[in-house]
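Reading through the structure tokens given below for one structure.
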Amino acid sequence: MPRSYFWTMLSLILHQVDAAYWREWEMFHVPGGIQGFLVFNLAAIAVVLAGYRHVLLGTPQATLYAGVCAALGVGTFLIHAGFALAGQAQFHLPLSIAIIVLCLACAAWLLSDLRRLKVHLARQAA
């Protein structure tokens, strides 16, 4: 699970770098504009980095953080797919699209690892 978490986290952080270029705070009408966007990213990146530590250490909270990270990856893809279908012009460059697809692919990988871990833990408990 550490590898799939790492790649999901990395794709999410890379997406946020790209989101700054596209002025994503305007798409979401974030209060405070860029300042609100930065506050959101401070909190979101802190959570995924703290989660990575939990995953690496194998703490009891690791599965919770992995679920949150995977949900962020899937959510990123779904939200931006919706924006694309609605005709938004942002995130239309090939690497922007690739990063958003990578968020989904890595999140699916993380969810698969998470499911496998939960099955393993359930068998150990039985």
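For n ≥ 4 DSSP H runs only, could you compute -39500 (n - 2.57) per run for the chain, divide by its residues and tell me the 222 nm figure to the nearest 500? Can you show the working numbers first?
Numbers: 5 runs with 104 residues, N = 126.
One gets -28500 deg cm²/dmol as the mean residue ellipticity at 222 nm.
I'd like the carbon and sulfur percentage of the solvent accessible area for the chain, probe radius 1.4 Å, heavy atoms only, ligands and nucleic acids excluded.
Numbers: 5380 of 7520 Å².
Carbon and sulfur together cover 72 percent of it.
Tell me which DSSP H helices of the chain clear both cut-offs, 27 Å or more of axial length from alpha-carbon atoms and a mean Kyte-Doolittle hydropathy of at least 0.5. Could you put the intermediate results ahead of the total?
Values: long enough: 2-21 (29 Å, 0.31); 34-57 (34 Å, 1.70); 62-85 (34 Å, 1.65); 94-125 (46 Å, 1.14).
Within the chain the helices that satisfy the rule are 34-57, 62-85, 94-125.
Can you give me the Cα centroid spacing of the range 1-75 and the range 79-103 in angstrom?
After rounding, the separation between the Cα centres reads 17 Å.
Quick one: Debye curve from the C-alpha atoms of the range 1-48, no solvent, what's log10 I(q)/I(0) at q = 0.14, 0.15, 0.22, 0.25 Å⁻¹?
With no solvent term, the Cα-only Debye profile gives -0.37, -0.41, -0.76, -0.90.
Express in nm, to one decimal, how much length is gained between Leu93 and Arg53 on full extension, taking 0.36 nm for each residue of separation and deducting their alpha carbon distance.
Values: separation 40, 0.36 × 40 = 14.40 nm, distance 3.27 nm.
Roughly 11.1 nm would be gained on extension.
Under 15 Å from a label point 7 Å along Cα→Cβ of Glu26: give me every residue in the range 92-110 with its amide N that close.
Label zone hits: 92.
The values are calculated or read from the model by the stated rules, or taken from the named source; none is laboratory data. Fair warning: this is a prediction, and the values are worked out from it, not measured in the lab. With ideal geometry, Cβ positions are generated from the backbone for all residues, glycine too; neighbour counts draw on all protein chains shown. Each accessible area value is taken on the protein alone, full model and side chains, heavy atoms only, with ligands, DNA and RNA left out. Shrake-Rupley method; radii C 1.70, N 1.55, O 1.52, S 1.80 Å.
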